[in-house]
Amino acid sequence: MSLRRLFSIVIKELRQLRRDRLTFAMIVGIPTMQLLLFGFAINLDIRHLDTAVLDQANTVRSRELVAELASSQVITLRHALAAPQQLDDLLREGKVSVGIVIPEDFENRLERGDRAALQLVVDGSDQVVQQAARQLAAFPLARLRGDAVPPPAVEVVNFYNPERRAPVNTVPGLVGVILTMTMVMFTAMALVRERERGNLEMLIATPVSPWELTIGKVLPFVAIGLVQVSLVLALGKLIFSVPLRGSLLDIYLAALLFIIASLALGVFLSTLARSQFQAMQLAFFTFLPQILLSGFMFPYAGMPRAAQWLAEILPMTHFLRLIRGIALRGATLADLWTELVALAAFSVVMLSIAVTRVSKRLD
């Protein structure tokens, strides 16, 4: 082995890598992004869960109790309710994650101490919320007014997942993870593959508009995405007994919109990459923050405000709210219309940018 020849090859590869700016950016960008996300954005301490209060006793002690629970910073009081049905509606629509219910006989329960003085009603479709509720129930409540009154007992009631089974939370989220991973990667390589095989020049010679080329690349993968959705839902139902409380049509419509958003992102990435390897790198670069910031693995409520703003841009954040809301809480698309608007806006913006870049390449 000649060290001189070996050294020459090493120099050649380093120079080639230096000319490949996108790959060099990935080498630096991926570890930097992971460090920033895990160092600043990922926080396992749950904070500021949106909460509604149903105080049927409305006494000085009950108001003191609500204020003390709010001081834990685990919850943020958003709504004061007058009827239990309002709490059911807010939980189903995903507008609150926790409900504090104080019964009319709160004072009697507090004096006797034989029954729970209040209930924490939580959205059990999210394991993070379950964990926060247990943390809140164990919060050291001080004695309320009255020397002989002990600290009130707290009962946690899990809606939508009373057995606290992990697959109930995980399987619907996996629909978003699988679609993100496959749809973005497949389409990110679409136009790049055409260019590498020399087919792009043939398409330029045909009367194909940029919109026709872009949508034509997207449509076949829509059917693939819907097949994947069906497969995950069927296996989740048969193997893990994951409930589907909402309309199956609503689930497919939400999944269809998310598939279009993911495909639009993939097509946009394909206009940035020069090779299929770069397309895969870019797909992974966008896949990582969606997994970490969407609420699938780590609590959304525990993230700093800047990370939450970034998460609101990512399509998977909104799809997780849709799929969990429809499948587990029985919500409708009308209840979750804001998430639909966010996905539609993302799709329009990404497709418009992608078509503009494809148009430049066709010119």
### Summary
If we keep only residues of segment 132-189 that are under 20 Å from Pro103 (Cβ atoms) and aromatic (Phe, Trp, Tyr), then the residue modelled with the highest pLDDT is Phe159
## Note on the structure
Result of the Cβ filter at 6 Å on segment 64-92, keeping first residues that are over 18 Å from Leu136 (Cα atoms) and partners that are in a helix (DSSP H, G or I), at least 6 apart or interchain, is Leu81/Leu87; Arg92/Arg329
### Query
How many of the residues in segment 283-325 are at pLDDT 95 or above and touching a strand residue (DSSP E or B) at 6+ places or on another chain (Cβ under 7 Å)?
0
### Task
Might you let me know whether segment 232-239 holds any residue that is surrounded by fewer than 22 Cβ atoms within 10 Å (Cβ to Cβ), over 29 Å from Arg329 (Cα atoms) and touching a residue at least 40 places away in the same chain (Cβ under 8 Å)?
no
### Query
Looking at this structure, is Leu110 surrounded by 22 or more Cβ atoms within 10 Å (Cβ to Cβ), at pLDDT below 90, out of contact with any Leu (no Cβ under 6 Å at 6 or more places or on another chain) and farther than 30 Å from Arg245 by Cα?
yes
## Note on the structure
Checked segment 113-129 for anything closer than 16 Å to Val154 by Cβ and open to solvent by 50 Å² or more (accessible area, probe 1.4 Å); matches are Gly113, Asp114, Arg115, Gln119
### Query
What residue, among those in segment 41-91 that are among the basic types (Lys, Arg) and modelled with pLDDT under 90, is surrounded by the fewest Cβ atoms within 10 Å (Cβ to Cβ)?
Arg63
## Note on the structure
Here, helices (runs of 4 or more DSSP H) confined to segment 82-142 with at least 3 residues that are under 16 Å from Leu328 (Cβ atoms) are 84-93, 127-137
## Note on the structure
Of (1) open to solvent by 10 Å² or more (accessible area, probe 1.4 Å); (2) part of a helix (DSSP H, G or I), Ala334 fails just (2)
### All positions within segment 251-285 that are open to solvent by less than 30 Å² (accessible area, probe 1.4 Å), β-branched (Val, Ile, Thr) and under 22 Å from the mean Cα position of the chain (by Cα)
Ile251, Ile259, Val267
### Query
Out of all the residues in segment 315-331, which are open to solvent by 10 Å² or more (accessible area, probe 1.4 Å) and under 20 Å from Ala234 (Cβ atoms)?
Arg324, Gly330
#### Entry: Selection status of Val218, at negative phi, at pLDDT below 80 and open to solvent by 50 Å² or more (accessible area, probe 1.4 Å)
no
### Query
Name the pairs whose Cβ atoms lie under 6 Å apart, with the first residue in segment 302-326 and at negative phi, the second open to solvent by 20 Å² or more (accessible area, probe 1.4 Å) and part of a helix (DSSP H, G or I), and 6 or more positions between them or separate chains?
Pro315/Phe346; His318/Glu339; His318/Ala342; Arg321/Glu339; Leu322/Glu339; Ile326/Asp250
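The values are calculated or read from the model by the stated rules, or taken from the named source; none is laboratory data. All of these numbers come straight from a predicted model, not from anything done at the bench. So basically every Cβ, Gly included, is an ideal-geometry build from the backbone, and we count neighbours across all protein chains shown. These area figures cover heavy atoms from the full protein model, side chains too; ligands, DNA and RNA do not enter into them. Shrake-Rupley method; radii C 1.70, N 1.55, O 1.52, S 1.80 Å.
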